[in-house]
Amino acid sequence: MLQKFGFTQYESQVYEAIFAQNEPLDATSIVNHSNVPKAKIYEVLNRLIDKGAVLTTMNGKKKLYLAVDLQSIILKIRADFEKDIEELKSYKIKRTYSDEHIWTLKDETSISSNIEQLIEEADSSILLLAWSEQMEKYRPILEQKEQQGVYVEVLAVGGLETSLSRRYSLIPMLEGNHLEPSQLLIVDHAYLLFAGIENEAWKAIKTTSKPIVKALTDYFYHDIALTQITKKYGDQLLQDEEISKLLARLIY
């Protein structure tokens, strides 16, 4: 079991050999009980001491070893793991290359994780279009990034309660127009993720291709413009049959 948490096979054998005895053991006894080669025993014991799994003392000229209680090792493993997780969360690898490929993603959880990661790594700007259910998942981190000085602008289909300064809510006005949920994220005007539903499953593309990022940035502001126009002049526009048909072909 210890091998699942970073202990080697020899370390696990030595720890179990010491722990199974009612008294401290010297190196020779540990070799006999653990089946670890004599040439390796001191190296393994020193690693276990460094890991806090084994204690050592001198009895005359002989060095004795005592196993730390397993519950204490479990607590240490948990504490070290949580510390490592926090350090990993704060570690940022900056992308320094230009990648024109279009990468595909499947699975809603994977897509959400990628969106959260891109938002977290944003340095200067975040543009996000999403349906209110998805937008709510990202709201706390979006608000946090804005507080950190990142430019955040969102368009929520269905509305969103948030403290964000630049937010727009699109409430569909056309009856019977079935809207397919989608998500569009553009970070630092360089990284893009666009997700939609196909055959009742979420799929997405992810790219840093400049032409695509530019085109979908225009798409984002196109939708914001239409949102504000229909909010202000919606009743008049829907009275015009031609314009009403055109709006029906958009996300409205």
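Side notes on the structure shown:
- Two-site label geometry, K245 and T109: point separation in nm, points 7 Å out along Cα→Cβ: 4.7
- Read-out P(r) over Cα pairs in 10 Å bins from 0, in percent, derived from the coordinates shown; its label in (1) 6, 22, 20, 12, 11, 12, 9, 5, 2, 0, 0; (2) 7, 31, 37, 18, 4, 2, 0; (3) 7, 17, 13, 10, 9, 8, 7, 7, 6, 5, 5, 4, 2, 0: (1)
- Loop-resident trypsin sites (Lys or Arg not before Pro) (DSSP state other than H, G, I, E or B) in region 1-93 with no more than 11 further Cβ atoms inside 10 Å of their Cβ: K61, K92.
- The alpha-carbon of K62 sits under 16 angstrom from the alpha-carbons of these aspartates and glutamates, leaving out residues fewer than 8 places away in its chain: E23, D26.
- What the Cβ-Cβ distance of L75 and A215 gives, at R0 = 51 Å and to the nearest 0.05, is a FRET efficiency of 0.45.
- Taking label points 7 Å from Cα along the Cα-to-Cβ direction, E133 and A225 give a separation of 3.1 nm.
- When exposed loop sites are taken as GluC sites (Glu not before Pro) in a DSSP loop with at most 14 other Cβ atoms within 10 Å, the longest stretch of the chain clear of them is 1-99.
- Dipole moment magnitude, nearest 20 debye, region 59-154 about Cα centre, only Lys, Arg, Asp, Glu C-beta charged: 1000
- Dipole size of region 1-145 about its Cα centre, with +1 on Lys/Arg Cβ and -1 on Asp/Glu Cβ: approximately 820 debye, rounded to the nearest 20.
- On Cα atoms only, tilt of 38-50 relative to the major axis of the chain in degrees: 50
- Among P24, V152, S244 - extreme Cα towards positive end, dipole of the chain, charges at beta-carbon: P24
- When the Gaussian network model of the chain links Cα atoms closer than 10 Å, the mean-square fluctuations of T57, T227, T217 top out at T57.
- The distance linking region 48-96 with region 134-160 is 39 Å (Cα centroid to Cα centroid, whole angstrom).
- For V152, the residues 5 or more places off, or on other chains, whose built amide H falls under 5 Å of its own are I126.
- Choice from I224, I41, I197 showing the highest fluctuation, given a GNM over the chain with Cα pairs closer than 10 Å: I41
- Gained length - Q117 relative to E200, 0.36 nm times residue gap less alpha-carbon distance: 27.4 nm
- The magnitude of the dipole of the chain, with charges of +1 and -1 set on the Cβ of Lys/Arg and Asp/Glu and taken from the Cα centre, is near 1220 debye.
- Three-way shape label, region 1-59, alpha-carbon gyration tensor, a/c 1.5: rounded
- Positive end of the dipole of region 204-248 (Cβ unit charges, origin at the Cα centre): among Y233, T217, I205, the Cα lying farthest that way belongs to I205.
- Rounded to the nearest 10 degrees, the angle from helix 132-147 to the longest Cα principal axis of the chain is 70 degrees.
Laboratory data are not the source of any read-out in this text; all were calculated from the coordinates shown. This structure is a prediction, so every number in the text was calculated from the model and none was measured. Here the Cβ is made from the backbone with ideal geometry for all residues, glycine too, and neighbour counts use every protein chain on show.
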